[in-house]
Amino acid sequence: MAKGFQGGCRCGAVRYHLAVEELPLAYACHCLDCQTWTGSAFSQQIVLPEDSLSVSGPVATYDLTSPSGRLSRQRMCGTCHARIYNTNSGRPGLAIMRAGTLDNSDRLMVAAHIWTKRKQAWIAVAEGVPTWPEAAPLAALDAALRRD
Ligand SMILES: [Zn+2]
Ligand SMILES: [Zn+2]
């Protein structure tokens with residue numbers, strides 16, 4: 001089997017492969033949009049170069065423009081509509097994966113939390129893990145997710 005990590009949507013029509021040696025550290029976003037979109041407590045995301053990602057299957061897109069004018073293009077399964085990843089015109093060349101779609105999601109490590117002012121009260125963040133009440137400055141978030 002090819003090196004890397006596999007994942008896919010709920011129905012199995014969309015599958016993907018991440019050609020990376022090591023699983024990137026994840027961050028959790030507790031914003032209300034992520035809760036609404038996932039129907040869950042937060043979204044878990046990993047960021048990696050878009051060219052390390054190969055996707056097969058019926059991918060549908062949904063475009064969102066932020067108030068700052070950045071275009072976020074969401075990719076989901078065209079059959080079961082599970083959200084898989086997005087790209088953002090403000091971060092060209094990067095894919096932001098919905099990391100819970102990984103086959104080995106039990107190996108994810110959340111190393112940062114954003115939008116904790118909307119965090120559900122029962123979730124305890126481990127001591128020493130960086131948090132931001134709202135969005136994190138990208139450089140700070142990237143630094144928190146670096147493994148070295
Ligand atoms: Zn599907
Ligand atoms: Zn969010």
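Values quoted throughout were computed directly from the atomic coordinates according to the rules given, and no laboratory measurement underlies them. Just so we're clear, the structure is a prediction, and the values are computed from it rather than from any experiment. For neighbour counting, all protein chains shown are included, and Cβ atoms are generated from backbone atoms with ideal geometry for every residue, glycine included.
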Problem set entry | Relative contact order, percent, the chain [alpha-carbon distance under 8 Å, six or more residues apart] | 26 percent
Seminar exercise, completed: Along the dipole axis of the range 98-139 (charges at Cβ: +1 for Lys and Arg, -1 for Asp and Glu; origin at the Cα centre), the most positive-end residue among A126, G100, L138 is L138
Exercise. What Rg and what Dmax come out for the chain when only alpha-carbon atoms are used, in angstroms?
Worked result: 14.9, 43
For this session: Select from A26, A126, A60 the residue whose mean-square fluctuation is largest in a Gaussian network model of the chain (Cα-Cα springs shorter than 10 Å).
Result: A126
For this session: Could you give the size of the charge dipole of the chain about its Cα centre, using +1 on the Cβ of each K and R and -1 on the Cβ of each D and E, expressed in debye and rounded to the nearest 20?
Result: 320 debye
For this session: Collect residues whose amide H, placed 1.01 Å from N in the peptide plane, falls under 5 Å from the amide H of I84; neighbours closer than 5 in sequence don't count.
Result: R75, M76, C77
For this session: Would you calculate, for the chain, the mean residue ellipticity at 222 nm contributed by helices, counting each DSSP H stretch of 4 or more residues as -39,500 (n - 2.57) and dividing by all residues, to the nearest 500?
Result: -2500 deg cm²/dmol
